[in-house]
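Colleague: What follows is a single structure, and I will ask about it in a moment.
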Amino acid sequence: MRSEVREALIAKLTALADDEVILAHRNSEWVGHGPILEEDIALANIVQDELGHATLWYGLRQQLDGSDPDQLAFFRDANEYRCCELVELPKGDWAFTMLRQYLFDLYEALWLEAARHSTYQPLADAVQKIIREERFHLQHTQAWVERLGQGTEESNRRLQQALEMQWSYAQQLFVPIPGEELLVAEGIVPDLAPIKERWLEHSTRHLQAAGLKLPINPGYQPTSRAYHTEHLWSLLAEMQSTARWDAEAKVW
Amino acid sequence: MDTQWPRWEVFKQDTPHKPHQAVGSVHAVDPEHALLTARNVFARRPQAVSLWVARAEDVYAWTQEEILEGLATARADAGLGTACRYLVFRKTSHKRSMTFVDHVGEVEATSPEEALQQAQARFSDTTALAWWIVPADKVYQSDPSPETVESWFAPARDKTYKQQQYYATVGSHISKHKRGRGVEDEE
Amino acid sequence: MPIKYGVPSDPDYNERLREFEARIARGEKIEPGDWMPEEYRRQLIRMISQHAHSEVVGMLPEGAWITRAPTLKRKMILVAKVQDEAGHGQYLYHAAETLGISREAMLEALLSGKAKYSSIFNYPTLTWADIGTIGWLVDGAAIKNQTMLAACSYGPYSRAMVRICAEETFHHKQGKEMVLLYAKGTPKQRQMAQDAINRWWWPALMMMGPHDKDSPNTEILVRWGIKTKTNDQVRQEFINEHAPEILEAGLTIPDPELRYDEATGNWIHGPINWDEFWQVVGGNGPMNKERLEARRRAHAEGAWVREALEAYAAKKQKTAVAV
Ligand SMILES: [Fe+2]
Ligand SMILES: [Fe+2]
Ligand SMILES: [Fe+2]
């Protein structure tokens, strides 16, 4: 693999993993505090899956540059993280959490579908594993969006509010990272443009069927993954507090 | 008033040739939601290939004791209506187990009580300690397509970190400290 | 279905009670729908719902560390464990529901402060090592109790326990693995592990409940096959397993009187501070108020969600594929 391609792939894998880590972290804040016991169990399930996906992506990076996944997750500062801003936003209410997970799951499922035939075999193999879980997530969060959208006036209002907030943030999922075009040219990762089209089509159809109002006035749309919300710093301060507490510790 | 949503009985099938078994219940609002929830609650670990759910109120249950007391027929307001299919579940052992009744087959009858009588006649190979009779059209199943089975049930096999075998190295071992507090064994 | 709960004033009570006790003696399981003394049902509802509440409240002390777990693997493990505890609460509420009490009623009793749950969860988790220690000692103590209850006479409770025990073994082992690792780790890790053992040892011993002589329910529970061992027996089993293992790990146990008794093969412990136990049971533990408040908040904030789904279901006749 040419070194520019390798560098780009490392960056892409990092972005994929960082999204999963931060989203899982936000959702994990719910565990024990969900609206009903069954949903505590369901969300904890998604959290474990997303952490598993992060581990797989970091693992692929490790094969390329030997970096340790836990070092990456627990010893990088906010400015070194490459997650999108959508996943950093505080967990909000149940509508906010379910909608974000739905928008993300739909993107992830479509991306994985397109990445199945990656020319980079380790990535194609990881996709095969992850895609199974994402199909289930999507069924689950899709069902929630439908139910909240068509539930009560209050649930519809809360979901609409979440949508107004998240819609433009979600568009960042389809902004290529620097160097991504090299990966696309080599067939290592899929082109984001057609995925975005499918995502817009699916999500618009489903959200409207759920009784939500679209389109949303485009507001701020984050573009660079080197830039973050003001929440990431404190999220990481908490997340990394144990790992960084003992400088001598080799294993946890 | 608060509600915890209606209760659904859950039946899990471990492998394709085993019967569906009653494993417990979940609270959910509709069949699709109940199935999704059942998957999260009862298939966190292997094994499963299929789930059925039915509203708790659609399950007709009798224990051996109730049948001996004639309660199953006493409640028969039957004979009316057209015949429909009923799924039959049966418990046959007092042994320790995680499951209650197993699916044994189905019968056609005009009432649950009649279905029970038929079931008793048809599935008479061994003593039944309890019966569940559920109208077939009140039972909802998880999608049997290979893609869904793979998506719902296969990933649990890879989650080895929540299986105790993963921690085999920390099994109980015979202590060297039996002799007293903090005293090393010289042997 | 009509559920028959016998009371001593029933004309056939004594005869039925004899049959009922004979069934238990033969190792038969009592199933929902079977005749049972009202007192058997009452004791079961009390025990099972308390047990369910304990699982649910038990999510909180450990859940607080999910966001601070030090590795991706530990975070996954902890989420899986706390998820299991929710699952256990779920299995147990189900078992209680078979006795004709609704989950709403049980939750109402918990949130109003009427119902009890295991006092162990009214202690705070102060460091990450508490997570390992809870798995090892608290789940270890719970397993002893639950293994006994897996053999209990009421079918649904027994089945819930068999399922729970299978999962608890994972909790116990992941906790033990962690503490053993830190006991051999850096000075700070060792110190943290020791500090956690020091704080959790005594509360873990109290988990089995008061001494037999102060446990008024024990006799009837044993007679009806709900419990098959006394509190002190279960406590002794727990100490016999865990004391030597903690010492073997190079850690100490905060009980200067603890000693191994050759004659009986038991580890003999010093006096338990029952004043502390009753204080915490009585609502004055360090975390009683916070735990209950967290449950109440989650319940109240979830109300609109539960309503929304009900409203949805009422509107829709969703069709799934019938078998
Ligand atoms: Fe994912
Ligand atoms: Fe538990
Ligand atoms: Fe546990």
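Colleague: Among the residues of the stretch B:118-144, write down those that are without any contact (Cβ under 8 Å) to a residue 12 or more places away in the chain, in a helix (DSSP H, G or I) and either surrounded by fewer than 15 Cβ atoms within 10 Å (Cβ to Cβ) or within 14 Å of another protein chain (Cβ to nearest Cβ) (or both).
Modeller: Within the stretch B:118-144, B:ALA121 is the sole residue that qualifies.
Colleague: Could you list, in sequence order, all residues of the stretch C:161-198 that are crowded, with 19+ Cβ neighbours inside 10 Å, of a type outside the set (A, V, I, L, M, F, W, C) and either under 20 Å from the mean Cα position of the chain (by Cα) or within 23 Å of C:ALA52 (Cβ to Cβ) (or both)?
Modeller: Hits for the stretch C:161-198 are C:ARG163, C:GLU167, C:GLU168, C:HIS171, C:HIS172, C:LYS173, C:GLN174, C:GLY175, C:LYS176.
Colleague: Can you confirm whether B:LYS95 is within 19 Å of the chain's Cα centre (by Cα) and either of a type in the set (A, V, I, L, M, F, W, C) or open to solvent by less than 30 Å² (accessible area, probe 1.4 Å) (or both)?
Modeller: On the way: within 19 Å of the chain's Cα centre (by Cα): yes; either of a type in the set (A, V, I, L, M, F, W, C) or open to solvent by less than 30 Å² (accessible area, probe 1.4 Å) (or both): no.
Considered against the rule, which asks whether it is within 19 Å of the chain's Cα centre (by Cα) and either of a type in the set (A, V, I, L, M, F, W, C) or open to solvent by less than 30 Å² (accessible area, probe 1.4 Å) (or both), B:LYS95 comes out as no.
Colleague: Looking only at the stretch B:27-53, count every residue that is facing chain C (nearest Cβ under 9 Å) and not in a helix (DSSP H, G or I) and tell me the total.
Modeller: Of the residues in the stretch B:27-53, 8 are facing chain C (nearest Cβ under 9 Å) and not in a helix (DSSP H, G or I).
Colleague: Among the numbered criteria (1) open to solvent by 20 Å² or more (accessible area, probe 1.4 Å); (2) assigned to a helix (DSSP H, G or I); (3) away from chain B (no Cβ under 14 Å), which one does C:LEU221 miss?
Modeller: (1)
Yes or no, residue by residue, for (1) touching a His at 6+ places or on another chain (Cβ under 8 Å); (2) within 8 Å of another protein chain (Cβ to nearest Cβ); (3) within 16 Å of ligand 3 (Cβ to nearest atom); (4) assigned to a loop (DSSP other than H, G, I, E, B):
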residue	(1), (2), (3), (4)
C:ALA22	no, no, no, no
C:LEU44	no, no, no, no
C:SER49	no, no, no, no
C:ALA80	no, yes, yes, no
C:HIS88	no, no, yes, no
C:LEU99	no, no, no, yes
C:THR125	no, no, yes, yes
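Colleague: Given the residues A:ALA243, A:ALA226, A:ALA237, which is the only one that is assigned to a helix (DSSP H, G or I) and open to solvent by less than 60 Å² (accessible area, probe 1.4 Å)?
Modeller: Only one candidate qualifies: A:ALA237.
Colleague: If you don't mind, there's one more thing I want to ask. Restricting attention to the stretch B:9-26, report how many residues are open to solvent by 10 Å² or more (accessible area, probe 1.4 Å) and part of a strand (DSSP E or B).
Modeller: 5
Colleague: Taking the stretch C:50-90 only, how many residues are away from ligand 2 (no atom under 15 Å from the Cβ) and either of a type outside the set (A, V, I, L, M) or open to solvent by less than 20 Å² (accessible area, probe 1.4 Å) (or both)?
Modeller: 12
Colleague: Hey, among B:ALA54, B:ALA72, B:ALA28, which residue is farther than 30 Å from C:VAL305 by Cβ and touching a strand residue (DSSP E or B) at 6+ places or on another chain (Cβ under 6 Å)?
Modeller: On the way: B:ALA54 fails: farther than 30 Å from C:VAL305 by Cβ; B:ALA28 fails: farther than 30 Å from C:VAL305 by Cβ.
Answer to the check: B:ALA72.
Colleague: Exactly one condition in (1) more than 8 Å from chain C (Cβ to nearest Cβ); (2) out of contact with any Leu (no Cβ under 6 Å at 6 or more places or on another chain); (3) open to solvent by 20 Å² or more (accessible area, probe 1.4 Å) is not met by B:VAL88; state its number.
Modeller: Answer for B:VAL88: the failing condition is (3).
Colleague: Counting only residues that are away from ligand 3 (no atom under 11 Å from the Cβ) and out of contact with any Gly (no Cβ under 8 Å at 6 or more places or on another chain), how many does the stretch C:127-150 have?
Modeller: So the answer is 10.
Colleague: Would you be able to say whether some residue in the stretch A:76-87 is open to solvent by less than 10 Å² (accessible area, probe 1.4 Å) and at the interface with another protein chain (Cβ under 10 Å from one of its Cβ atoms)?
Modeller: Checked against the condition, which is being open to solvent by less than 10 Å² (accessible area, probe 1.4 Å) and at the interface with another protein chain (Cβ under 10 Å from one of its Cβ atoms), the stretch A:76-87 yields no hits at all.
Colleague: If you don't mind, there's one more thing I want to ask. If you scan the stretch C:127-160, which residues turn out to be part of a loop (DSSP other than H, G, I, E, B) and in contact with a Phe, Trp or Tyr (Cβ under 8 Å, 6 or more places away or on another chain)?
Modeller: Passing the criteria: C:TRP128, C:SER153.
Colleague: Need pairs with beta-carbon distance below 7 Å; first residue in contact (Cβ under 8 Å) with a residue 12 or more places away in the chain and more than 7 Å from chain C (Cβ to nearest Cβ) and within the stretch A:40-61, second of a type outside the set (A, V, I, L, M) and outside any helix (DSSP H, G or I); sequence gap 6+ or separate chains.
Modeller: From residues that are in contact (Cβ under 8 Å) with a residue 12 or more places away in the chain and more than 7 Å from chain C (Cβ to nearest Cβ), the pairs are A:LEU43/A:TRP30; A:LEU43/A:GLY34; A:ARG61/A:SER67.
Colleague: Pairs only if they're at least six apart or on different chains, beta carbon under 7 angstrom, first in the stretch C:160-172 and more than 11 Å from ligand 3 (Cβ to nearest atom), second at pLDDT 95 or above and hydroxyl-bearing (Ser, Thr, Tyr); list them, first residue then second.
Modeller: C:ALA160/C:TYR91; C:ARG163/C:TYR91
Colleague: Same structure again: Could you tell me how many of the residues in the stretch C:140-191 are polar (S, T, N, Q), closer than 30 Å to C:TRP224 by Cβ and more than 9 Å from chain B (Cβ to nearest Cβ)?
Modeller: Result for the stretch C:140-191: 4.
Colleague: Taking the stretch C:24-42, which residues are of a type in the set (Phe, Trp, Tyr) and part of a helix (DSSP H, G or I)?
Modeller: C:TYR40
Colleague: If we only count helices (runs of 4 or more DSSP H) wholly inside the stretch A:88-194, which ones have 2 or more residues that are within 13 Å of chain C (Cβ to nearest Cβ), more than 16 Å from ligand 1 (Cβ to nearest atom) and in contact with a Phe, Trp or Tyr (Cβ under 8 Å, 6 or more places away or on another chain)?
Modeller: Ranges flagged: A:121-149, A:153-170.
The values are calculated or read from the model by the stated rules, or taken from the named source; none is laboratory data. Keep in mind that this is a model prediction, so the values were computed, not measured. Positions of Cβ are generated from backbone atoms using ideal geometry, with glycine treated the same way; all protein chains shown enter the neighbour counts. These accessible areas exclude ligands, DNA and RNA; they are computed on the full protein's heavy atoms, side chains included. Shrake-Rupley method; radii C 1.70, N 1.55, O 1.52, S 1.80 Å.
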